[in-house]
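S.K.: Below is one structure. I have some questions about it.
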Amino acid sequence: MKLKKIALRGLIGVAVAVALCMFFSGTIENITTPKVKLAKASRGKLVEKLELSGVLAYPEVEEMRLSLPAGQTLTINRVNVRAGYPVKAGDVVLEASVTGYEAAAKQAQDAYDAALDALMEIDRKNEGLTLRRSEQTYAETYAALRAAARATARKKTEMDVLLRAAKLSYTDNAYPDGADEATVAAIDAYRAALSAQDEAQQAFNRAARYGMDDAVWSYISERQSAQENLDDCAEKQVELEELRRTAATICAPRDGVIAEINLKQGDPYDGSMPLYKLTAEGSSPALRADLTGVDKNITEGMSVTVSVGGDSVEAKIASLGFTESGARCADVIVSDEILRAAGSMYALSQDSVKLTVLFKSKQSSCLLPASAVRGSGDSRYVYTVNERTTTFGKKKLSLSKMTVHVIAEADGVASIEEDLSYYTIAYMEDRALRDGSDVMEYVE
């Protein structure tokens with residue numbers, strides 16, 4: 001009986017010793033064996049994300065100017081808009097006044113009074129002079145010819161200004177290549193004035209055949225010059241008053257968006273620069289991305305995600321072109337959805353906007369986390385995981401080094417040429433790995 005108790009105690013001791021050995025050996029193994037995460041390769045097309053920075057731009061704009069008489073300037077009293085503001089036809093953009101209006105109005109009135117006095121004096125000196133019917137016709141046709149010649153000169157000046165700005169030359173019976181609508185209209189107006197002058201010249205020539213007394217001719221020519229001077233003075237008064245009224249409320253001629261306005265309260269304006277720039281009729285503002293240094297093939301119609309106002313809006317690349325500095329760029333039209341997300345056009349103009357373009361590879365391949373692919377250059381490899389079972393039925397994991405060829409990498413994903421779909425790949429280890437070493441799977 002005593003021997004049985006001794007044997008039982010021995011067996012219990014051996015069992016405890018074995019258990020302790022197994023416990024401590026497992027603990028040591030846990031401490032010394034590298035922990036890894038396991039990944040399985042998937043097949044698919046690599047998607048690369050390209051992030052661009054878009055800024056509000058205006059592909060087509062129209063310069064808004066105000067024509068001023070020579071030597072006349074305006075003073076800007078109020079600016080009601082900023083770049084990025086939408087306007088409707090008739091909205092007051094600027095308020096201004098004619099600089100030195102009172103003095104200019106007095107000068108114009110004094111000039112008119114002097115011209116009227118001069119004309120009346122000519123009539124007084126020649127009050128006894130009676131014109132025959134032929135002489136009256138002569139006077140009328142002479143006045144008409146001078147008026148036609150003056151009109152032709154004005155139209156030629158207007159045409160020449162536009163031609164010179166476009167670096168074009170006038171051609172008889174044709175329009176220069178590249179002439180815009182305004183230039184074509186100016187050419188038509190000049191040709192119409194030339195035709196009217198030619199008719200006036202023919203009428204004058206017919207009237208001049210009958211001859212005229214020198215005193216009558218002197219009166220007619222002197223009075224015509226005085227009348228033209230009076231008409232010019234009256235026209236200047238009208239121009240000054242029209243300018244005063246127009247400058248008081250400078251309005252948008254049509255709907256659009258203010259693309260640029262550099263004037264501020266108190267600034268002078270002499271007509272040499274635009275008052276402001278408005279988006280061209282039929283055009284829309286765009287988010288413009290600078291493509292300098294981008295080696296991807298960006299094309300028109302590509303989908304793009306616009307991140308604005310905390311939202312993501314899907315859009316497309318509307319056009320490709322170059323900036324004024326010669327940099328390649330892509331434009332995304334500001335749609336109603338983008339505008340709603342931003343809150344306003346002005347808000348869009350205050351900061352850049354993230355534009356995301358996705359590129360999907362044409363062919364499928366094995367995809368792995370980029371961190372699972374080791375090495376650099378042409379020497380790339382992965383660690384595949386082999387599983388075996390020990391004598392005691394415990395599963396063991398070991399590594400094998402496998403050379404791979406990386407096609408491309410994007411956003412933490414690597415595209416692999418080899419088919420790794422049958423392998424388990426080790427990565428995100430807690431210590432250095434080597435070929436053939438045992439590992440344990442990291443379990444959270």
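S.K.: Hey, any idea what % of the chain's accessible area is carbon plus sulfur with a 1.4 Å probe?
M.R.: 51 percent
S.K.: Expressed as a rounded percentage, what relative contact order does the stretch 358-444 have, with Cα pairs under 8 Å and six or more residues apart? Mind dumping the intermediate values first?
M.R.: Values: 139 pairs, mean separation 29.2, N = 87.
Answer for the stretch 358-444 is 34 percent.
S.K.: Find out how many positive minus negative residues lie around D411, taking Lys and Arg as positive, Asp and Glu as negative, among other residues whose Cβ is under 9 Å from that of D411.
M.R.: -1
S.K.: Using R₀ = 22 Å, calculate the FRET efficiency as 1/(1 + (r/R₀)^6) where r is the Cβ-Cβ separation of R245 and R124; round to 0.05.
M.R.: Given R0 = 22 Å and the Cβ-Cβ separation, E is 0.05.
S.K.: Shifting gears a bit: Tell me, what is the FRET efficiency for S379 and L320 to the nearest 0.05, using R0 = 35 angstrom and their Cβ-Cβ distance as r?
M.R.: So, using R0 = 35 Å, E works out to roughly 0.35.
S.K.: May I ask for the Kirkwood hydrodynamic radius of the chain, worked out over all distinct Cα pairs and given in angstroms to one decimal? Provide the component values of the computation, followed by the final result.
M.R.: Details: mean 1/r = 0.0315 Å⁻¹.
The answer is 31.7 Å.
S.K.: If the only charges are +1 at each Lys and Arg Cβ and -1 at each Asp and Glu Cβ, what is the size of the charge dipole of the stretch 151-210 around the Cα centre, to the nearest 20 debye?
M.R.: So the magnitude is around 360 debye.
S.K.: So, one more: Can you run the Rg to Rh ratio on the stretch 366-444? Use alpha carbon positions and the Kirkwood inverse-distance Rh.
M.R.: So for the stretch 366-444, dividing Rg by the Kirkwood Rh gives 1.00.
S.K.: Leaving ligands and nucleic acids out of the surface, order R288, R82 by accessible area at 1.4 Å, largest first.
M.R.: R82, R288
S.K.: If you take the beta carbon distance between K360 and E441 as r and set R0 to 25 Å, what does 1/(1 + (r/R0)^6) give as a FRET efficiency, to the nearest 0.05?
M.R.: With R0 = 25 Å, the Cβ-Cβ based efficiency is 0.20.
S.K.: Can I ask one more? If you stretched the chain out fully between E95 and S134, how much longer would it get, using 0.36 nm times the residue separation minus the C-alpha to C-alpha distance?
M.R.: Taking 0.36 nm per residue and subtracting the Cα distance, the gain is 8.6 nm.
S.K.: Pick from A196, A182, A111: which residue has the top mean-square fluctuation in a GNM of the chain where Cα pairs under 10 Å get a spring?
M.R.: Sorting by GNM fluctuation, first place goes to A182.
S.K.: What does the charge count near D213 come to, summing +1 for each Lys or Arg and -1 for each Asp or Glu among other residues with Cβ under 11 Å from its Cβ?
M.R.: Taking every other residue near D213 into account, the sum is -1.
S.K.: Further question on the same structure: Given axes a ≥ b ≥ c from the Cα gyration tensor, I'd like to know whether the stretch 165-305 is rounded (a/c under 1.5), prolate (a/b larger than b/c) or oblate.
M.R.: oblate
S.K.: Below 8 Å between Cα atoms, with a sequence gap of 6+, how large is the relative contact order for the chain in percent? If you can, show how the numbers build up before the last one.
M.R.: Details: 705 pairs, mean separation 133.6, N = 444.
For the chain, the relative contact order is 30 percent.
S.K.: Using a 10 angstrom cutoff on alpha carbons, build the Gaussian network for the chain and name the most mobile of P69, P34, P274.
M.R.: Checking each option, the largest mean-square fluctuation is seen for P34.
S.K.: A further question follows. Using a 1.4 Å probe, what is the accessible area per residue for the chain, in Å²?
M.R.: Spelled out: the 1.4 Å probe surface of the chain, per residue, equals 61 Å².
S.K.: Another one. Within the chain, which is the longest segment containing none of the chymotrypsin sites (Phe, Trp or Tyr not before Pro) that sit in a DSSP loop and have at most 11 other Cβ atoms within 10 Å? Don't skip to the end; give the middle numbers.
M.R.: Details: sites that count: F392, Y422.
Answer from the scan: 1-391.
The values are calculated or read from the model by the stated rules, or taken from the named source; none is laboratory data. Here the structure is a predicted model, which means the values were calculated and not measured. Heads up, the Cβs are rebuilt from the backbone with ideal geometry, glycines too, and the neighbour counts pull from every protein chain shown. What goes into the accessible areas is simple: the full protein's heavy atoms, side chains included, and nothing from ligands, DNA or RNA. Shrake-Rupley method; radii C 1.70, N 1.55, O 1.52, S 1.80 Å.
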